[in-house]
1. So what J values fall out for region B:178-194 if you push phi through Karplus, 6.51 cos²θ - 1.76 cosθ + 1.60 with θ = phi - 60°, rounded to Hz, Gly and Pro as x?
2. With equal scatterers on the alpha carbons only and no solvent term, can you work out the Debye log10 of I(q)/I(0) for chain B at 0.09, 0.10, 0.17 1/Å?
3. In a Gaussian network model over chain A where Cα atoms closer than 10 Å are linked, find which of A:149, A:93, A:135 has the largest mean-square fluctuation.
4. Along Cα→Cβ at 7 Å, what distances in nm separate the residue A:167 label point from those on the other copies, shortest first?
5. Compute a Gaussian network model of chain B, connecting alpha carbons closer than 10 Å, and tell me which residue from B:136, B:99, B:81 fluctuates the most.
6. What accessible area, summed over both chains, is buried at the B-A interface (1.4 Å probe, Å², nearest 100)?
7. Report the far tail of the P(r) of region B:115-238, meaning the percent of Cα-Cα pairs longer than 26 Å.
8. Threshold 20 Å², probe 1.4 Å: give the residues of region B:136-182, in number order, that are less accessible with all protein chains present than with their chain alone.
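The values are calculated or read from the model by the stated rules, or taken from the named source; none is laboratory data. As the structure is a prediction and not an experimental result, all values here were calculated from the model. Counting neighbours? That spans all protein chains shown, and the Cβs are built from the backbone with ideal geometry, glycine included. In case anyone asks, the SASA skips ligands and DNA or RNA and just uses the protein heavy atoms, side chains included. Shrake-Rupley method; radii C 1.70, N 1.55, O 1.52, S 1.80 Å.
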Protein chains: 2
Amino acid sequence: MKRGTMAVVSIGPGDAGNLTPRAREALEAAEVIAGYGAYLQQIDALLGGKLIIESGMHGELERCRKALEQYRGGRRTCLVSGGDAGVYGLAGLVLELMSPEEQAALRVLPGVTSATACAALLGAPLTHDFAVISLSDLLTSEHLIEKRLKMAAEGDFVTVLYNPQSIKRRRLFSRAAEIFLAHRSPSTPVGLVREAYRDGQRVMLGTLEELASQNWVDMKTTVLIGNSETFSSGGRMITPRGYGG
Amino acid sequence: MKRGTMAVVSIGPGDAGNLTPRAREALEAAEVIAGYGAYLQQIDALLGGKLIIESGMHGELERCRKALEQYRGGRRTCLVSGGDAGVYGLAGLVLELMSPEEQAALRVLPGVTSATACAALLGAPLTHDFAVISLSDLLTSEHLIEKRLKMAAEGDFVTVLYNPQSIKRRRLFSRAAEIFLAHRSPSTPVGLVREAYRDGQRVMLGTLEELASQNWVDMKTTVLIGNSETFSSGGRMITPRGYGG
């Protein structure tokens, strides 16, 4: 029986300017591409002549299962993820659904993740140790999220918040602001980036004190909270690495 | 006076397969490219006909100053960094050396960072909250590094260690293993990747118990320590996100 191939492919945030050559090659060689609608749009130019498996938000399990069926049926299959597929992406779920032989054969292709892409738009906030925390409590308990926020705040990590707030879920976002205010100055720089590298991109630099009142923060926004040495200048958010001193 | 442009450009880890189109474009349009020798080699094909400013390890300050001179002299200047230029890279130092007007004009182009690139080679270890910590004590006190290791261990973060060990500096690496062993099972999966996406790439999956005895771990190695739910199967390191449960 003809054996298929399976790759989980990171397409980076926003436009094709962040799509690596390695990811592009895998997509060009694919017979089947599976992904969430908005991510497929982002690589529209590469979809021609391929079988496309599209599913909506929260359709992750279904999408992975359908992609695996195609792979098992002998086809060159790619499952795409926005940003980096390994950061809150589908690489883990696909591996969980595979047999050990299939796991060993899976290719995961890395990409630009939101944390570094948004950092670049803000300046250089991530040049020191950092923590990445998702505030979505769909798959993680609020208790664990709060614990991690406390550890990140206490450890003086620059902290990146993914999925900070949704219409239904606002509590953890204001709780995050409270937790960091207990450990850092109210004037600590905070950067907010919405729709990075897309039409409608919005980049804002403010302070920790102002964070909780930013009502436009939503699931498409990434939040970067500086450490105790982060400062702003020229409209940029800068964490010194210490070369100067 | 003709005004130059200045960009800090991430070239990703290893080979050109991880160089984004946005970064490539900036490099192609540059008149001057500055960087550490090994990073310049990585983009050798793009250097022709340009003024090249090369400097050795620890020549960061000199390299940035020379690049700034070129920019101030009116030239299109790129300063390159391996992996992502914002993660322990030079984006911060360049901004520190600039006037506010220059800071506002600086472009930082993001890239694939070691954490996600090495994660992809290992499978899917980073699909949940994670912390990134450099063990280099050249610019950070040992005390602060140890504190952050403790917070990351206690918060059950998947933890990525950059610059884990050098010939002269071994203590913090074994100390990191000790700290994590105090909070996690000895069987916690640990992934080690050396020379990612380069000739001589080495990928190893082991356990926390075995970590400190890996004597080949050096400054070119990235270490990923799983959280309490990370498991290994089919030779891959997998952190479940919870979709399955």
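1. 4, 4, 5, 5, 6, 10, 9, 4, x, 8, 3, x, 10, x, 10, 10, 10
2. -0.43, -0.52, -1.19
3. Sorting by GNM fluctuation, first place goes to A:93.
4. Shortest to longest, the spacings are 6.2 nm.
5. Per the Cα network of chain B with a 10 Å cutoff, B:99 tops the list.
6. 6000
7. On the way: 797 of 7626 pairs.
Here the long-distance tail beyond 26 Å is 10 percent of all Cα pairs in region B:115-238.
8. B:139, B:140, B:147, B:148, B:151, B:154, B:155, B:156, B:157
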